[in-house]
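What follows is a set of notes on a single structure, which appears directly below.
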């Protein structure tokens, strides 16, 4: 399951949410501001679930990848509190989404929209979503053949890396204005 960044689907109502988010000073959109908090939030059990695939050792491994500049988080903060986000691994010009979470409605979708905008800015065509879910499909993600994925992968991981530093340490809400 992958999301081609130029196929990201935004409903009319979500488009209004993104524009409102871009102008709301109480909402901050950030990259790599608090990776550890994002992975811990993603590791929290959801709904009726009592467990998670993100064990302490898995979280520790991703935090080490983050320290090495290979794992990144995209975050939505509301009123100074982490409201939603996602994290994944970036190799070359490829991003592999690992997990996302929301504490308030649409926060993870807003973070995904920001990730798509960053990937478009960086000329990254594909986000690996891994899981085939209705939620991701509703946003434009789709399955592709293994051969198509491997072909894309071979070209992408050898390319120059994404410039994550251009997005760190600043609020990125303005990137959502023209969605």
Next on the checklist: Test of understanding: among 111, 141, which residue is within 18 Å of residue 24 (Cα to Cα) and either out of contact with any strand residue (DSSP E or B) (no Cβ under 9 Å at 6 or more places or on another chain) or in contact (Cβ under 8 Å) with a residue 24 or more places away in the chain (or both)?
Outcome noted: 111
Next on the checklist: Residues that are free of Cβ contacts under 8 Å to residues at least 60 places away in the same chain and touching a strand residue (DSSP E or B) at 6+ places or on another chain (Cβ under 7 Å), at least 2 per element: which helices (runs of 4 or more DSSP H) completely within segment 1-73 meet that?
Outcome noted: 35-43, 56-67
Checklist entry - Of everything in segment 84-105 that's more than 11 Å from the chain's Cα centre (by Cα) and surrounded by fewer than 18 Cβ atoms within 10 Å (Cβ to Cβ), which residue is nearest to residue 136 (Cα to Cα)? => result 105
Checklist entry - Just a yes or no: is a residue in segment 86-108 in a helix (DSSP H, G or I), touching a helix residue (DSSP H, G or I) at 6+ places or on another chain (Cβ under 6 Å), under 24 Å from residue 15 (Cα atoms) and at pLDDT below 95? => result no
Checklist entry - Of the residues in segment 74-83, how many are part of a strand (DSSP E or B) and either free of Cβ contacts under 8 Å to residues at least 40 places away in the same chain or surrounded by fewer than 24 Cβ atoms within 10 Å (Cβ to Cβ) (or both)? => result 5
Item to check | Test: residue 26 is closer than 23 Å to residue 160 by Cα and either more than 17 Å from the chain's Cα centre (by Cα) or modelled with pLDDT of 95 or more (or both) | outcome: no
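The values are calculated or read from the model by the stated rules, or taken from the named source; none is laboratory data. Nothing here was measured: the structure is a model prediction, and the numbers come from that model. Reconstructed Cβ throughout: ideal geometry from the backbone, glycine too, with neighbour counts over all protein chains shown.
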